Amino acid sequence: MSPHDVVVVGAGLAGLSAARDLMNAGSDVVVLEARARPGGRVEQTRTADGRLVQLGGEVVGDFHTAYRGLVDDLGLHLGPSFTDIPGESTWLMNDGLSVGNAVPWLSASDQRKHDRIERQFAELAATVDPDNPWGHPDAVALDRLSVGDWLRSEGATANIVRAMEVRAMALADDSVERRSLLGDLRKESAAGALGFYNYDAWESLKVVEGSATVALLMAEQLAHRIRYSSPVAAIDITTNGVSVTLHTGERFTASDVVCSLPAGPLRDVRITGLSAERLASLHRQQHAPTAKFVTVYDSSFWEENNQNGTGYFEHTILGGTWVQNTGILSALVPVGKLGPYFATPPMLREKALTAELGSAYGPRATAPEAVFMRNWGADPWTQGYITAWRPGELTAVGPLHGTHEPPFWVVGSDQWVCGYMEGAVRTGRAAARELIGK
Ligand SMILES: Cc1cc2nc3c(=O)[nH]c(=O)nc-3n(C[C@H](O)[C@H](O)[C@H](O)COP(=O)(O)OP(=O)(O)OC[C@H]3O[C@@H](n4cnc5c(N)ncnc54)[C@H](O)[C@@H]3O)c2cc1C
């Protein structure tokens, strides 16, 4: 086969946005995708009555400028997400169920302490450069510290730590005891150093036409340039460029390769010709895996009880819920609860999880019209969900994170601060710009 200008490995948002920009700049580009569909961690399906259901990435924030720019370029539209829905949050806790926007167990004194610690977090976050957290004078110490240990060192009560933990579970983030403080500071610095994770900043918008439509439209434009069902087995950097080999043995050569694989699948590809430091850095990166559970009803009946569908669950398998669309509830199984999820026999899982929804939203929640369960952690082409920075990991992965070693270009949400669709589009389009300007 004649050489291409660029081989892009992976047709998720990162690979597609890089390939589309390269194509539009006149490059001869081929995209090699393991699955039979584009989109990677964004995927959508339709219910029998025609409603779109997102099985992967859904919502974005105002500061997600790369993603917003792409949505605009594609002629799609952003609208408000679940954060705009009136009503109150639901707290399904070890000690009972309650509805309200304040964390139910925080006393006035806890709340004052919480707010003070959050201000300190914001001030500290503002000292971290999201593009170069390693340059922080205290990088090693901040990375070694878990968020939980830092909270306690600042005077957080057990009630405050519990609130942070419950919020993390709803997001399917890892426990505060297993997250690097520097990782969290970097993430929130990227969001403007407003404080702890804030739904309004990170999750207030969604694509009206469906989040996965962003990927589908790019794939449509790239057309025959995408080769589906073509898992890559090896990438070899040679003196003349790159050679990319499929599991079938078929080879593609090009001047450059843009690798957009998630951290786990990337470890499964044999890569030669890269520096040992870069390979070690790429192979070190960790993910917090998750499973997504979506239930579809005829209406948002929870609103009748002033519940807005945003739920925080403590002792259950689900970490919490949010409203994907009218009558559609999304939920994630956080990494710390995947053990009980797997321990529940597969034929009983749907019943067990809808029973949890019933505990939060009443008996109608136990009888959805349709249910979708997608275990991304066990999917060989994802093996995760979002980047996880455990204590010490950010400095171990190091300053090579998110950088390139031409002709090997590395993009994808895992190469940004913490994952997210913004990270995929931002790194994909930035690499394409550099390649075009070469
Ligand atoms: C359940 C869930 C909910 C999420 N919610 C949100 C959200 O609300 N907001 C948000 O911003 N982000 C969210 N995310 C994260 C977001 O979806 C991802 O960060 C983003 O879509 C990743 O894009 P990517 O292109 O970097 O990687 P991917 O989408 O993972 O793309 C990588 C591609 O590489 C392919 N591939 C893997 N191995 C090979 C191989 N050997 N050869 C060829 N191809 C291969 C894969 O099939 C895939 O298509 C969520 C993710 C999940 C799983």
>> Charges at C-beta only: +1 for Lys and Arg, -1 for Asp and Glu. How large is the resulting dipole of the chain about its Cα centre, in Debye rounded to 20?
In response: 780 debye
> Taking +1 at the Cβ of each Lys and Arg and -1 at the Cβ of each Asp and Glu, which of ILE328, ALA215, ALA126 sits farthest along the dipole of the chain towards its positive end, judged by Cα position relative to the Cα centre?
Replying inline: ALA215
>> Which one, ALA215, ALA254, ALA158, has the greatest fluctuation when you compute a Gaussian network model over the chain with C-alpha springs under 10 angstrom?
In response: ALA158
> For segment 208-326, what is the per residue volume of the convex hull drawn over the alpha-carbon atoms, in cubic angstrom?
Replying inline: 180 Å³
> How much of the DSSP beta bridge set in the chain is antiparallel, as a percent to the nearest 5?
Replying inline: 70 percent
>> Please list, in order along segment 274-279, the HN-Hα scalar couplings obtained from phi with the Karplus expression 6.51 cos²θ - 1.76 cosθ + 1.60 (θ = phi - 60°), rounded to whole Hz, x for Gly and Pro.
In response: 9, 5, 4, 5, 5, 4
>> Debye calculation, C-alpha points only, no solvent: report log10 I(q)/I(0) for segment 264-351 at q = 0.12, 0.24 Å⁻¹, in the same order as the q values.
In response: -0.57, -1.16
> Could you give me the ³J(HN,Hα) list for segment 427-438, computed from phi with Karplus coefficients 6.51, -1.76, 1.60 and θ = phi - 60°, whole Hz, x at Gly and Pro?
Replying inline: 6, x, 6, 5, 5, 4, 4, 5, 5, 5, x, 4
>> Looking at the chain as a GNM with Cα springs under 10 Å, which of ALA102, ALA48, ALA14 has the largest mean-square fluctuation?
In response: ALA48
> Looking only at Cα atoms, what is the convex hull volume of segment 1-141 per residue, in Å³?
Replying inline: 261 Å³
> Per-residue HN-Hα couplings for segment 4-11, Karplus 6.51 cos²θ - 1.76 cosθ + 1.60 at θ = phi - 60°, whole Hz, x for Gly and Pro?
Replying inline: 9, 6, 9, 9, 9, 9, x, 10
>> Using the Cα centre of segment 103-203 as origin and beta-carbon charges of +1 (Lys, Arg) and -1 (Asp, Glu), tell me which of LEU182, SER146, ALA201 is placed farthest towards the positive end of the dipole.
In response: SER146
> How far is the Cα center of segment 183-245 from the Cα center of segment 98-129, in Å?
Replying inline: 31 Å
> Can you give the Rg to Rh ratio for the chain, taking only C-alpha atoms and Rh from Kirkwood?
Replying inline: 0.97
> Highest mean first, what order results for 51-63, 383-395, 219-231, 189-201 on Cβ atoms within 10 Å?
Replying inline: 383-395, 51-63, 189-201, 219-231
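Each reported figure results from applying straightforward, stated rules to the coordinates on display, with no laboratory input. Keep in mind that what you see is a predicted model, and the values were worked out from it rather than measured. Heads up, the Cβs are rebuilt from the backbone with ideal geometry, glycines too, and the neighbour counts pull from every protein chain shown.
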